[in-house]
Amino acid sequence: MVTVKLENVTKIFRGGVEAVRDLNLEVKDGEFLVLLGPSGCGKTTTLLMIAGVYKPTKGYIYFDDKIVNDLEPKDRNIGMVFQSYALYPHMSVYENIAFPLRLKKLPKEEIDKRVREAASMLHIENLLDRRPSQLSGGQQQRVALARAVVKQPGLFLMDEPLSNLDAKIRIEVRAELKRLQRELGITTIYVTHDQAEAMSLADRIAVMNEGRLMQLGTPDELYYKPANTFVAGFIGAPAANLVEADVVETERGLELSMLGTRFPLPSDLAAAVQGVSRVVFMVRSEDVKISPGKGFFVYSAEWLGRETFVHIQAPDGTLLRVTLPPGQHVAVGEAVSVSFDYKKVHLYRPSGELIV
Amino acid sequence: MRAGKILLYAAAVVLAALPVVPVILLFFLAFSEHPIYVEGFTLKNFEFLKTGVLFSDHPLYSRLYPNVYTVMVNTFLLALGNMLLVVLVSSMAAYVISRYSFKGRSALLGAFLVIHGVPASVLLIALYYMLKATGLLNTLLGVVLVKMSVDLPLGVWVLKGFYDGIPWDTEIAALVDGASRVGAFFRIMLPLVSPGLFAVGLFSFLSGWGEYIFVYTFIQSSTNWTFSLLIQSLFSEMGGINLALVAALSIVYLIPVLAIFITGEKYLLRVTIGGVKG
Ligand SMILES: Nc1ncnc2c1ncn2[C@@H]1O[C@H](COP(=O)(O)OP(=O)(O)OP(=O)(O)O)[C@@H](O)[C@H]1O
Ligand SMILES: [Mg+2]
């Protein structure tokens with residue numbers, strides 16, 4: 001298929017909005033890369049630059065080894081799927097799928113064969129005579145997928161293709177999409193702001209914020225080794241706890257002063273923050289342990305079926321998110337004490353970069 | 001309560017009947033034996049349809065008026081020319097205004113509204129000189145061009161609304177699917193605004209068909225007359241006004257309009273300014 005490389009890509013819109021800034025990214029052949037980030041962070045803009053609809057203000061986009069900055073969208077051999085489906089309302093489903101092939105001026109029989117192939121791949125053979133307006137959302141998105149597949153593109157671009165579907169259909173189409181991508185081995189760039197979707201689909205995820213790449217890595221890497229506080233807070237549900245802390249020296253060694261109390265640091269962490277006075281302490285909800293004690297109070301508790309999710313109020317009033325292991329139960333109002341699994345804790349500079 | 005309702009319905013019926021009254025009157029007058037009053041029934045007022053010659057029994061008058069069929073063709077050419085030009089230009093101009101941002105875009109849009117609001121008669125003198133300078137005075141083409149430029153702003157506004165209603169995604173999908181910008185325009189955008197094209201086309205046809213003031217001002221030779229001018233001239237003619245004849249001509253003038261509305265009605269009803277449903 002094709003590898004895609006973005007080199008220092010910047011997009012500034014008329015009026016001065018800097019939607020994407022200095023983006024460097026490489027998508028491997030056959031890879032499923034997800035662009036993840038909050039609304040307005042420049043995901044769609046990035047995708048449309050790769051599609052050739054927008055031209056980068058600065059930087060280069062490569063397909064394999066070729067710079068494609070000035071290549072028209074029609075010459076990029078891309079299959080694209082949109083959140084809004086973007087089917088052509090005046091054409092039947094058959095004609096929608098056939099459209100890219102008609103533009104290639106393929107012979108009639110070839111078109112018919114490939115349209116039917118694509119339709120059967122997505123289980124929509126029985127819908128070919130309908131108009132898009134006569135289909136459900138899930139069916140429309142299958143048609144859109146068929147239209148993207150039928151031209152046998154070297155690259156799939158998908159902009160939140162599942163966002164308009166309800167939860168059940170979304171999971172169904174998501175599985176379909178993953179299977180299709182695996183089978184065809186087509187390089188895919190997939191945009192979403194839903195981190196659960198990103199985690200389940202991606203080979204690698206590029207997390208973006210305010211037009212910049214925050215971290216690029218496998219779902220595992222993002223979860224266990226977030227490179228900055230933004231990624232730490234964005235990836236994972238429930239969201240990780242991020243607490244500002246002062247590093248204080250005592251006769252017993254370095255301690256973190258936070259949450260209205262103090263926590264002694266294990267020696268490896270202490271070594272890493274030598275000479276740093278303020279840090280951001282990050283711990284995931286499942287790495288917080290609570291035991292009967294004092295100082296902290298159980299603020300609220302929700303039973304989620306297997307584990308229990310609780311908010312713990314610290315002495316200074318901060319609420320900590322904690323996931324209890326199956327079997328452990330607490331009562332709201334109960335006094336507890338808190339400890340952390342320091343192997344899984346990360347410390348960041350107040351500006352956001354990872355220390356350890 | 002009941003009386004109030006009856007009164008309300010009565011008022012509604014009267015209001016609904018009002019616009020029909022002149023048409024009915026016109027209809028009866030056209031078949032009247034008397035030139036001024038409604039009286040009896042005859043087809044003689046439609047005699048001119050045989051040869052197109054008016055007042056065929058009155059050679060002196062007859063010479064003053066053009067052949068009715070010539071007038072009909074002129075009117076049709078004016079309407080058709082106006083329709084084609086307005087649709088052609090506004091379909092493309094509206095697309096560009098809707099899709100591209102360029103310097104002076106909003107000024108242009110504002111200007112369109114202002115121009116549309118300027119009464120045409122204000123421009124008559126200036127237009128007269130312009131047509132004279134270009135040699136288009138006293139030609140149908142001249143009138144078509146003037147008419148088209150007056151009707152254009154509204155057409156562009158209406159079609160811009162239709163183009164605005166088409167999501168960007170649809171157009172981007174076409175580009176990515178392998179269409180050029182021009183290809184996407186013809187294959188996707190134009191078909192999607194076709195109800196708007198239909199509406200704009202229809203209105204500019206009718207507007208050309210009914211045009212009076214420009215024809216009256218810019219056309220002198222009677223061979224270039226249109227229906228509106230012919231009817232007006234019969235009104236102001238000395239030597240006995242023949243209202244029945246005027247009515248008969250008016251009926252002939254009216255028929256294409258009715259035909260268009262009856263055939264186009266189903267399509268027109270689906271059009272809401274700014275987009276189509278379904
Ligand atoms: N055509 C445009 N002209 C000017 N500014 C734009 C344009 N398109 C996007 N922007 C701006 O660029 C920024 C990034 O927009 P973009 O659509 O790429 O965000 P996104 O990450 O796709 O967000 P979402 O999740 O809401 O779709 C936003 O601030 C947006 O307002
Ligand atoms: Mg977007």
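Couple of notes before you dig in:
- Contacts under 8 angstrom Cβ, first residue in the stretch B:31-42 being on the phi > 0 side of the Ramachandran plot, partner open to solvent by less than 90 Å² (accessible area, probe 1.4 Å) and assigned to a loop (DSSP other than H, G, I, E, B), 6 or more apart: B:Gly40/B:Ser32; B:Gly40/B:His34
- Spans of helices (runs of 4 or more DSSP H) in the stretch B:180-249 with at least 3 residues open to solvent by less than 40 Å² (accessible area, probe 1.4 Å) and within 14 Å of chain A (Cβ to nearest Cβ): B:194-209
- Failed item, numbered, when B:Val118 is tested on (1) open to solvent by less than 80 Å² (accessible area, probe 1.4 Å); (2) at pLDDT 90 or above: (2)
- Candidates A:Pro56, A:Pro100, A:Pro38: the one that is touching a helix residue (DSSP H, G or I) at 6+ places or on another chain (Cβ under 7 Å) and either assigned to a loop (DSSP other than H, G, I, E, B) or on the phi > 0 side of the Ramachandran plot (or both) is A:Pro56.
- Pick from the stretch A:22-58, criterion within 11 Å of ligand 1 (Cβ to nearest atom) and farther than 18 Å from A:Met80 by Cβ, ranking: nearest to the chain's Cα centre (by Cα): A:Leu36
- Selection status of A:Ser120, among the small types (Gly, Ala, Ser), within 16 Å of ligand 2 (Cβ to nearest atom) and surrounded by fewer than 23 Cβ atoms within 10 Å (Cβ to Cβ): no
- Which numbered condition A:Lys66 misses (of (1) of a type in the set (Lys, Arg); (2) open to solvent by 80 Å² or more (accessible area, probe 1.4 Å); (3) within 14 Å of chain B (Cβ to nearest Cβ)): (3)
- Failed condition for A:Val2, given (1) at pLDDT below 95; (2) away from ligand 2 (no atom under 16 Å from the Cβ); (3) of a type in the set (A, V, I, L, M, F, W, C); (4) farther than 21 Å from A:Leu184 by Cα: (4)
- Any chance A:Leu162 is outside any loop (DSSP other than H, G, I, E, B) and within 16 Å of ligand 2 (Cβ to nearest atom): no
- Candidates B:Phe235, B:Phe261, B:Phe227 - the one that is closer than 26 Å to B:Phe55 by Cα and at pLDDT below 90: B:Phe235
- Whenever a residue of the stretch A:314-333 is in contact (Cβ under 8 Å) with a residue 12 or more places away in the chain, its partners that are among the charged types (D, E, K, R), lying with C-beta atoms within less than 7 angstrom and at least six residues away or across chains, give the pairs A:Thr323/A:Glu286; A:Thr323/A:Glu307; A:Leu324/A:Glu307; A:Pro325/A:Glu307; A:Pro326/A:Arg306; A:Pro326/A:Glu307.
- Only a single criterion out of (1) within 23 Å of the chain's Cα centre (by Cα); (2) of a type outside the set (Phe, Trp, Tyr); (3) more than 16 Å from ligand 1 (Cβ to nearest atom) is not satisfied by A:Lys66, namely (1).
- With respect to the conditions (1) under 23 Å from B:Ala79 (Cα atoms); (2) out of contact with any Ser or Thr (no Cβ under 9 Å at 6 or more places or on another chain), B:Pro153 falls short on a single one, namely (2).
- Test: residue in the stretch A:41-50 that is away from every other protein chain (no Cβ under 14 Å) and either away from ligand 2 (no atom under 13 Å from the Cβ) or not in a helix (DSSP H, G or I) (or both): yes
- Considering residues of the stretch A:82-102 that are aliphatic (A, V, I, L, M) and open to solvent by less than 10 Å² (accessible area, probe 1.4 Å) only, the residue nearest to the other protein chains (Cβ to nearest Cβ): A:Ala86
- Check on A:Tyr60, open to solvent by 30 Å² or more (accessible area, probe 1.4 Å), within 16 Å of ligand 2 (Cβ to nearest atom) and touching a Lys or Arg at 6+ places or on another chain (Cβ under 9 Å): no
The values are calculated or read from the model by the stated rules, or taken from the named source; none is laboratory data. Just so we're clear, the structure is a prediction, and the values are computed from it rather than from any experiment. Cβ sites come from the backbone with ideal geometry, for glycine too, and all protein chains shown count toward neighbours. All accessible areas refer to the heavy atoms of the entire protein, side chains included, with ligands and DNA or RNA removed. Shrake-Rupley method; radii C 1.70, N 1.55, O 1.52, S 1.80 Å.
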